[in-house]
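> Before I ask anything, here is the structure I am working with.
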Amino acid sequence: EFYYDNSGKIATKTNNNAGINGGITNGMPIIIKTAIKPTPSIAKLQKTVNLQDKTDAELSITGRHDPLIAHRARVVIDSMVALGILDLKLRQK
């Protein structure tokens, strides 16, 4: 729902639409939600092939794995959003 706030500006009662109506911002904060797939390395013994020997092989993953890839992915997501907004701003000119 739209209404006039105390300063006379148009605002919305809630921001359930994440700041965008019909592909156009409505002045509310733009909210972006992202889902990130977990890292695919697993400690389970896996069947595979050895390309050099052309034989069947088993793969065992050991060592340190980073299950919190979100810390690095956030930088990429923030950068891509910034590039998208910049692209839209440049198209207006």
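> Bin by bin, in steps of 10 Å, what percent of the Cα pairs in region 1-49 do you find, going until the bin that has the longest distance?
Each 10 Å bin holds this share of Cα pairs: 19, 31, 14, 11, 14, 8, 4.
> While we're on this one: Which of the aspartates and glutamates could a cross-linker span from Lys89 if the Cα-Cα distance has to be under 19 Å and same-chain partners fewer than 8 positions apart are dropped?
Result set, ordered by chain and number: Asp78.
> At 1.4 Å probe size, what's the solvent-accessible area of Thr48? Round to the nearest 10 Å².
Around 60 Å² of this residue is reachable by solvent.
> How much accessible area per residue does the chain have, in Å², with a 1.4 Å probe?
Per residue, the chain has an accessible area of 92 Å².
> Could I have the simple spin-label model distance between Val49 and Thr62, label points 7 Å from Cα toward Cβ, reported in nm to one decimal?
Roughly 2.7 nm, to one decimal.
> At 222 nm, what helix-only mean residue ellipticity would the chain give, in deg cm²/dmol to the nearest 500, using -39500 (n - 2.57) for each DSSP H run of four or more?
The per-residue figure over the chain is -8500 deg cm²/dmol.
> How large is the charge dipole for the chain, taken about the Cα centre, if only the Cβ atoms of Lys, Arg (+1) and Asp, Glu (-1) carry charge, to the nearest 20 debye?
Rounded to the nearest 20 debye, it is 180 debye.
> If you wrap the chain's Cα atoms in a convex hull and average its projection over all directions, what's the area in nm²?
Here the figure is 11.9 nm², rounded to one decimal.
> Can you tell me the dipole magnitude for region 7-57 around its Cα centre, using point charges on the Cβ only (Lys, Arg +1; Asp, Glu -1), in Debye to the nearest 20?
Taking the Cα centre of region 7-57 as origin, the dipole is about 220 debye.
> Then there is this: By how many degrees, 0 to 90 and rounded to 10, does the Cα axis of helix 70-92 deviate from the longest principal axis of the chain?
Between the helix axis and the principal axis of the chain, the angle is about 40 degrees.
> List the lysines whose Cα lies under 21 Å from the Cα of Lys13, skipping any in the same chain that are fewer than 8 positions away.
Lys33
The values are calculated or read from the model by the stated rules, or taken from the named source; none is laboratory data. The structure displayed is predicted, hence computed values, not measured ones. Glycine gets a Cβ as well: all are built from the backbone with ideal geometry, and neighbour counts include every protein chain shown. Please note that ligands, DNA and RNA were not included when accessible areas were found on the heavy atoms of the full protein model with its side chains. Shrake-Rupley method; radii C 1.70, N 1.55, O 1.52, S 1.80 Å.
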